[in-house]
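What follows is a short report on a single structure.
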Amino acid sequence: MQLVDREVVHSGTVTLGTTASSSGGFDLVDGGRGGHKTYDLNGGTSGTGALFHDADDTWGDGTAANRQTAAVDAAYGAAVTWDFYKSAFNRNGIAGDGRAAYSRVHYGNAYVNAFWDDTCFCMTYGDGQGNVKPLTSLDVAGHEMSHGLTAATAGLKYSRESGGLNEATSDIFGTSVEFFANNSSDVGDYLIGEKIDINGNGTPLRYMDKPSKDGKSADYWSRNVGRLDVHYSSGVANHFFYLLSEGSGAKTVNGVSYNSPTYDGSTVTGIGRAKADQIWYRALSTYFTSSTDYAGARTGTLKAASDLYGAGSAEYNAVAAAWKAVNVN
């Protein structure tokens, strides 16, 4: 495996794993992380396409016009997600079995989306509006690959409240991947998709501190939450995770200002993102099932907090307070 610094669209210059090819040159294969491979679909929508290869191990130039640049973004996102799972949870890959997924870039024509597919155990990225805004940002990579984590653990159904929890899990760990990377070109924040400009006006897709800022997501639980699109019902759990990590009220993190409200006007004191990650992961991997709803998520995270930090601990009490603050009692 070679470790090389290469330019990417969203993340500046990054360290990347590549592998010398037996026929000469280098392939975009990360031998240090399960052999993750990155392929060029070249506008196709099926198959794997062509494995990225380069003669001199110089990849991309930081512009979307260079076909390798989005590939380097995707490979970097996969690497950081792998490293985050290992560091935070001692998990060896998405499925925990040391097997790498693979990534496909340049899907379709001006495709404004990215997605995880369990059937191929792979990650796919479109090039966005006009084929100049690839959806290969770090939090998008962490988000989509975390759908694979959910599938390998709780298997949350992608509908109603369990679907909202599925989407929120990907937002939670996609956010944590971004913080973990500690990349000055894409600093950690509680904004989802802020780099890809999918709305066309520079705004993020979602906001974890106050999800309703996107105009569609729910800040708090109600009996109608399960009827929302799962990307919007996820707001309740996203808000819970932000409150558990950072607490309520006004706060600035990495230069981004937040002001998180609570349903009942209560004040929530955060326990830090690292502990919140541990609680969510243990609940996901131990207590959540395919049909877990918000009430079940509250029960599962309280059990997880008790396992990790003790019943009645500050962490346990913070979990209860954060759920109460999003109207899950």
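Looking only at region 283-300, which residues are in contact (Cβ under 8 Å) with a residue 40 or more places away in the chain and closer than 20 Å to residue 230 by Cα?
Passing the criteria: 284, 288, 289, 290, 291, 292, 293, 294, 297.
Identify all residues within region 143-154 that are surrounded by fewer than 21 Cβ atoms within 10 Å (Cβ to Cβ) and either over 23 Å from residue 103 (Cα atoms) or of a type in the set (Gly, Ala, Ser) (or both); write none if there are none.
The first filter runs over region 143-154 and keeps only residues surrounded by fewer than 21 Cβ atoms within 10 Å (Cβ to Cβ), leaving 151-153.
Residues satisfying the conditions are 151, 152.
Which ones in region 264-280 are part of a loop (DSSP other than H, G, I, E, B) and of a type in the set (D, E, K, R)?
Selection gives 264 alone.
Could you please give the count of residues in region 155-195 that are surrounded by fewer than 24 Cβ atoms within 10 Å (Cβ to Cβ) and in contact (Cβ under 8 Å) with a residue 60 or more places away in the chain?
Looking only at that region, the number is 17.
Given the conditions (1) touching an Asp or Glu at 6+ places or on another chain (Cβ under 6 Å); (2) in a loop (DSSP other than H, G, I, E, B), report the number of the one that residue 289 does not fulfil.
Single failed check for residue 289: (1).
Given the criterion under 20 Å from residue 289 (Cβ atoms), part of a helix (DSSP H, G or I) and either modelled with pLDDT of 95 or more or assigned by TED's automatic domain parsing to the domain that holds residue 238 (or both), identify the matching residue among 163, 142, 155.
Residue meeting the stated conditions: 163.
Which condition breaks for residue 124 when tested against (1) farther than 28 Å from residue 277 by Cα; (2) of a type in the set (Val, Ile, Thr); (3) surrounded by 24 or more Cβ atoms within 10 Å (Cβ to Cβ)?
With respect to (1) farther than 28 Å from residue 277 by Cα; (2) of a type in the set (Val, Ile, Thr); (3) surrounded by 24 or more Cβ atoms within 10 Å (Cβ to Cβ), residue 124 is out only on (1).
I'm checking my understanding of the structure. Among residues of region 37-67 that are in a loop (DSSP other than H, G, I, E, B) and of a type in the set (Asp, Glu), which one is nearest to residue 15 (Cα to Cα)?
That would be 57.
Scan region 198-231 residue by residue and report those that are touching a Gly at 6+ places or on another chain (Cβ under 8 Å), in contact (Cβ under 8 Å) with a residue 60 or more places away in the chain and assigned to a loop (DSSP other than H, G, I, E, B).
Correct list: 198, 219, 228.
Which ones in region 96-119 are out of contact with any Gly (no Cβ under 7 Å at 6 or more places or on another chain) and in contact (Cβ under 8 Å) with a residue 40 or more places away in the chain? Lay out the reasoning, then the answer.
Let us first name the residues in region 96-119 that are out of contact with any Gly (no Cβ under 7 Å at 6 or more places or on another chain), namely 96-97, 102-103, 105, 115, 117, 119.
Selection gives 96, 102, 103, 105.
Under 9 Å between Cβ atoms, at least 6 apart or on separate chains: pull out the pairs that start in region 258-271 with a residue that is of a type in the set (Asp, Glu) and end on any residue that is surrounded by fewer than 20 Cβ atoms within 10 Å (Cβ to Cβ).
Taking only residues 6 or more apart or on different chains, the pairs are 264/324; 264/327.
Quick check, is residue 50 modelled with pLDDT of 95 or more and either exposed (fewer than 15 other Cβ atoms within 10 Å of the Cβ) or β-branched (Val, Ile, Thr) (or both)?
Taking the combined requirement at face value, the residue satisfies it.
Taking region 36-70 as the region of interest, how many residues are at positive phi and among the charged types (D, E, K, R)?
So the answer is 1.
Checking the condition of a type outside the set (D, E, K, R) and either surrounded by 19 or more Cβ atoms within 10 Å (Cβ to Cβ) or in contact with a Lys or Arg (Cβ under 7 Å, 6 or more places away or on another chain) (or both), which residue from 249, 235, 272, 255 passes?
Of 249, 235, 272, 255, the one residue that is of a type outside the set (D, E, K, R) and either surrounded by 19 or more Cβ atoms within 10 Å (Cβ to Cβ) or in contact with a Lys or Arg (Cβ under 7 Å, 6 or more places away or on another chain) (or both) is 235.
How about region 103-121: which of its residues are crowded, with 22+ Cβ neighbours inside 10 Å and within 16 Å of the chain's Cα centre (by Cα)? Don't jump to the end; show me each part of the working.
So the first thing to find is which residues in region 103-121 are crowded, with 22+ Cβ neighbours inside 10 Å, and the list is 103-107, 114, 116.
Across region 103-121, the qualifying residues are 103, 114, 116.
So, residue 258, is that one in a helix (DSSP H, G or I) and not aliphatic (A, V, I, L, M) or not? Talk me through it step by step, then tell me what you get.
Numbers: in a helix (DSSP H, G or I): no; not aliphatic (A, V, I, L, M): yes.
Here the answer is no, as residue 258 does not meet what is asked.
The values are calculated or read from the model by the stated rules, or taken from the named source; none is laboratory data. These numbers come from a predicted model, not from an experiment. Cβ: placed from backbone, ideal geometry, glycine included. Neighbour counts: every protein chain shown.
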